[in-house]
1. Can you list residues whose amide H is under 5 Å from Ile102's amide H, if they're 5+ apart or on another chain and H is modeled 1.01 Å from N?
2. Tell me the net charge near Ala49. Cut-off is 12 Å between Cβ atoms, Ala49 excluded, with +1 for each Lys or Arg and -1 for each Asp or Glu.
3. Which peptide among 24-31, 166-173, 62-69 comes first, and what is the full order, when sorted by highest mean count of other Cβ atoms within 10 Å?
4. Determine the share of region 32-74's accessible area contributed by carbon and sulfur atoms, expressed in whole percent, with a 1.4 angstrom probe.
5. Taking the Cα centre of region 1-77 as the origin and placing charges on Cβ (Lys, Arg +1; Asp, Glu -1), which of Met9, Leu59, Gly22 is farthest toward the positive end of the dipole?
6. Restricting things to alpha carbons, tell me how big region 20-95 is in terms of Rg and Dmax, in Å.
7. What trypsin sites (Lys or Arg not before Pro) in region 46-121 are in a loop by DSSP, with at most 10 other Cβ atoms within 10 Å of the Cβ?
8. For Leu144 and Asp116 in one chain, what is 0.36 nm times their gap in residues minus the Cα-Cα distance, to one decimal in nm?
Amino acid sequence: MTRIKCCGMTRVEDALLAAELGADAIGVVLTAHSKRQVSLRQARAIVEAMPPFVTTVALCMDDEANLVQEIIDTVRPSMLQFHGNEGDEWCKQFGQPYLKAIAMGEGTAALYQLRDHPHAAGLLLDGHGLGEPGGSGKLFDWSLMPHDLKQPLLLAGGLTPQNVAAAIHIAQPWAVDVSSGIESAPGIKDHGKMREFIAAVRSAK
């Protein structure tokens with residue numbers, strides 16, 4: 001079964017619907033690099049509203065260590081996600097499970113980074129370029145998804161209700177991560193698109 005993470009949540013009602021529809025995880029963005037940034041208070045309200053067994057993920061990008069620690073202490077997410085140039089040693093210093101995003105906008109040249117984060121709980125392959133935040137809606141060549149790594153791989157970047165089944169068929173990811181593909185505006189989730197996306201993932205083979 002392909003797992004689902006709905007990222008870029010800015011409203012409690014959107015995150016609650018994602019959980020109700022069967023999303024396995026929701027993400028909140030705390031970095032100023034993103035147009036979906038929420039405050040610590042907003043992120044905490046979203047995390048607190050989640051029912052049991054829904055993983056909460058806090059996304060950072062080249063942020064100071066003291067901010068990351070404040071996110072851990074205040075928001076209390078299930079895990080962290082790093083979207084910048086953070087190295088493995090830097091990411092693991094917080095003692096929290098974390099995902100590391102790989103900028104697949106570089107194509108095959110990005111693949112060498114996949115073995116640079118042995119302590120990551122999973123690797124998120126996204127369509128953006130180096131130095132760009134996630135949630136760009138950019139696709140990459142799904143056939144580049146490797147199948148020889150022990151870590152779970154998450155597929156992101158440009159996924160929509162219309163293309164996610166094909167993406168799963170080609171890439172065979174452990175999970176898919178969607179943000180812009182279920183939005184009516186940055187950070188505002190379209191409930192109809194969310195329903196269609198999750199249904200498309202659940203019916204994909």
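The values are calculated or read from the model by the stated rules, or taken from the named source; none is laboratory data. Since the model is a prediction, treat every value here as computed from it, not as a measurement. Every residue, glycine as well, gets a Cβ built from its backbone with ideal geometry; the counts of neighbours run over all protein chains shown. Just the protein is used for accessible areas: all its heavy atoms, side chains included, with ligands, DNA and RNA removed. Shrake-Rupley method; radii C 1.70, N 1.55, O 1.52, S 1.80 Å.
1. Amide H neighbours of Ile102, under 5 Å, 5+ apart: Leu124, Leu125, Asp126.
2. Charge balance near Ala49 sits at -2.
3. Final packing ranking: 24-31, 166-173, 62-69.
4. Here it works out to 50 percent.
5. So the residue we want is Gly22.
6. 12.2, 36
7. Sparse-neighbourhood loop trypsin sites (Lys or Arg not before Pro): none present.
8. My answer for the length gained is 8.4 nm.
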